[in-house]
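Trainee: Structure provided below as structure tokens; questions to follow.
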Amino acid sequence: MTGTQERTPEQDLPYNVFAKVCPSRGTLEHVTGRWGTLTLGALHEGSLRFNELRRRVDGVSEKMLSQTLHALERDGLVHREAQPTNPPRVDYELTPLGHEVAERLLGLIRLVEGRMDDVLAARTRYDEARGGL
């Protein structure tokens, strides 16, 4: 922060994601929502154009991907680079902060993927105990 910028009221409060008014809650929602997590994970592999990213994040709509990218860009996790070409070329890549967040998310993703046999077995036991839901 430079000497000419004033601090906002949000910056004067300690950040606490459990507090309803804390700005960190919104960022956490952007990062941990389905499309945010998958988008950050996909971009961890390298810079991608919009349609490449959309194909990589199977199932995301164009609208949801666009909204997700805007939110992540606003939070400083994704950098958008528009090339002045015809047709326009737009590339998305992680910022240093985005890389740090994506690393942690990928650890969680790998853990979940590696333990899916246990998860599926737990689901089966749960459903059987409740009459085959």
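The values are calculated or read from the model by the stated rules, or taken from the named source; none is laboratory data. Keep in mind that this is a model prediction, so the values were computed, not measured. Cβ placement follows ideal geometry from the backbone for every residue including glycine, while neighbour counts extend to all protein chains displayed. These accessible areas exclude ligands, DNA and RNA; they are computed on the full protein's heavy atoms, side chains included. Shrake-Rupley method; radii C 1.70, N 1.55, O 1.52, S 1.80 Å.
Trainee: About its Cα centre, how strong a charge dipole does the chain have in debye, to the nearest 20, once Lys and Arg get +1 and Asp and Glu get -1 at the Cβ?
Mentor: 320 debye
Trainee: Would you report the distance distribution of C-alpha pairs in the chain as whole percents per 10 angstrom bin, up to the bin with the largest distance?
Mentor: Answer for the chain: a P(r) of 11, 31, 28, 21, 7, 2, 0 percent.
Trainee: Would you be so kind as to identify which of Tyr92, Leu111, Ala82 lies farthest towards the positive end of the dipole of the chain, taking Lys and Arg as +1 and Asp and Glu as -1 on Cβ and the Cα centre as origin?
Mentor: Sorting the options by dipole projection puts first Leu111.
Trainee: Can I ask one more? Using a 1.4 Å probe on the protein heavy atoms, what percent of the accessible area of segment 38-96 belongs to carbon and sulfur?
Mentor: Using a 1.4 Å probe with all protein chains present, segment 38-96 comes out at 46 percent carbon and sulfur.
Trainee: Moving on. Going by average Cβ neighbours within 10 Å, how do the peptides 105-113, 51-59, 123-131 rank, with the highest at the top? Kindly include the intermediate steps, with their values, before the conclusion.
Mentor: On the way: 105-113: 12.0, 51-59: 14.2, 123-131: 9.6.
With the highest mean Cβ count within 10 Å placed first, the list reads 51-59, 105-113, 123-131.
Trainee: Give me the number: length gained by fully extending Glu100 to Glu62, i.e. 0.36 nm times residue separation minus the C-alpha to C-alpha distance, one decimal in nm.
Mentor: In short, 11.1 nm is gained.
Trainee: Could you work out how far the C-alpha centroid of segment 75-133 sits from that of segment 12-37, in angstrom?
Mentor: For segment 75-133 versus segment 12-37, the Cα centre distance is 17 Å.
Trainee: By how many degrees, 0 to 90 and rounded to 10, does the Cα axis of helix 116-129 deviate from the longest principal axis of the chain?
Mentor: 50 degrees
Trainee: Something else now. If I stretch the segment between Arg125 and Lys20 completely, what's the gain in nm (0.36 nm per residue apart, minus their alpha carbon distance), one decimal?
Mentor: Here the answer is 34.2 nm.
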